[in-house]
Amino acid sequence: MIMHKCELKDLEALREISIETFSDTFAADNTPEDLKTYLDRAYNKEQLLTELKNPNSFFYFIYMDGNLAGYLKLNTGLAQTEEMGAESLEVERIYVRTAFKRRGLGKQLIDFAIETARELNKQAIWLGVWEHNDKALAFYKSLGFEQTGAHSFFMGDDEQTDFVMTKRLGD
């Protein structure tokens with residue numbers, strides 16, 4: 001496994017893997033119209049460029065056997081999508097390509113996020129998980145995350161609920 005911090009030159013690869021993995025994960029449970037609206041808003045080049053330039057957001061690619069297998073987006077400070085305070089780090093996006101699932105990459109990405117949070121002296125790591133994504137909820141619970149809240153997530157015009165999952169970081 002190799003981690004690579006994304007730079008501006010990675011914009012197109014980031015856009016492609018973002019659209020691919022999000023679609024693979026959620027297309028079956030949403031209308032094509034709502035999915036397209038979301039993808040067009042969240043993963044257009046201008047939006048991703050703004051996120052890449054944000055000093056409080058960090059994107060990382062994970063490679064397996066020389067292939068781009070997934071990616072991670074971390075947020076600190078005001079880049080967090082909820083007001084969780086300066087002591088928290090958000091995992092806003094964590095996706096693995098279908099061909100690389102069930103090979104331990106998700107856990108490696110979370111472990112990397114926890115390590116990053118500790119390096120930044122954060123006390124907690126958190127993320128949002130769609131309430132109907134049972135596999136992801138079970139995965140995060142197995143890693144010590146607990147549901148600490150909920151928030152709305154808009155897939156196009158469809159308002160959905162994400163559970164906020166938090167893991168406190170011990171010393």
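Which count do you get for residues in the range 115-138 that are hydrophobic (A, V, I, L, M, F, W, C), surrounded by fewer than 18 Cβ atoms within 10 Å (Cβ to Cβ) and over 23 Å from residue 35 (Cβ atoms)?
Qualifying residue count, the range 115-138: 3.
Which one of these is loosely packed, with under 14 Cβ neighbours inside 10 Å and small (Gly, Ala, Ser): 106, 85? First the steps, then the outcome.
On the way: 106 fails: loosely packed, with under 14 Cβ neighbours inside 10 Å.
Residue meeting the stated conditions: 85.
Scanning for something within 23 Å of residue 111 (Cβ to Cβ) and touching a Cys at 6+ places or on another chain (Cβ under 8 Å), does the range 72-82 turn up at least one residue?
The answer is no, given that none of the residues of the range 72-82 is within 23 Å of residue 111 (Cβ to Cβ) and touching a Cys at 6+ places or on another chain (Cβ under 8 Å).
Pairs needed: first member in the range 10-29, on the phi > 0 side of the Ramachandran plot; second member anywhere, crowded, with 17+ Cβ neighbours inside 10 Å and among the hydrophobic types (A, V, I, L, M, F, W, C); C-beta distance under 7 Å; at least 6 residues apart or different chains.
Nothing qualifies.
Among what's in the range 1-32 and is open to solvent by 50 Å² or more (accessible area, probe 1.4 Å), of a type outside the set (A, V, I, L, M) and part of a loop (DSSP other than H, G, I, E, B), pick the residue that is farthest from residue 62 (Cα to Cα).
Checked the range 1-32; the qualifying residue farthest from residue 62 (Cα to Cα) is 31.
Please determine, by comparing only the residues of the range 151-168 that are among the polar types (S, T, N, Q) and out of contact with any Gly (no Cβ under 9 Å at 6 or more places or on another chain), which one is surrounded by the fewest Cβ atoms within 10 Å (Cβ to Cβ). Give the derivation first.
Of all residues in the range 151-168, those among the polar types (S, T, N, Q) come to 152, 160-161, 166.
Narrowing the set further to residues that are out of contact with any Gly (no Cβ under 9 Å at 6 or more places or on another chain) leaves 152, 160-161.
On the way: 152: 9, 160: 16, 161: 13.
Only one residue fits best here, namely 152.
Which of the residues spanning the range 33-70 are open to solvent by 40 Å² or more (accessible area, probe 1.4 Å), charged (D, E, K, R) and under 20 Å from residue 154 (Cβ atoms)?
Once the filter is applied, which keeps residues that are open to solvent by 40 Å² or more (accessible area, probe 1.4 Å), charged (D, E, K, R) and under 20 Å from residue 154 (Cβ atoms), the range 33-70 yields 33, 36, 40, 41, 46.
Can you tell me how many residues within the range 88-103 are of a type in the set (Gly, Ala, Ser) and open to solvent by less than 10 Å² (accessible area, probe 1.4 Å)? Let's see the steps before the verdict.
Taking the range 88-103 first, the residues of a type in the set (Gly, Ala, Ser) are 88, 99.
Narrowing further to those that are open to solvent by less than 10 Å² (accessible area, probe 1.4 Å): 88.
Counting residues in the range 88-103 that are of a type in the set (Gly, Ala, Ser) and open to solvent by less than 10 Å² (accessible area, probe 1.4 Å) gives 1.
The values are calculated or read from the model by the stated rules, or taken from the named source; none is laboratory data. If you're wondering where the values come from, they're calculated on a predicted model, not measured in any experiment. Virtual Cβ from ideal backbone geometry, glycine too; neighbours counted across all protein chains shown. Accessible surface is based on the protein model in full, side chains and every heavy atom, while ligands, DNA and RNA are left aside. Shrake-Rupley method; radii C 1.70, N 1.55, O 1.52, S 1.80 Å.
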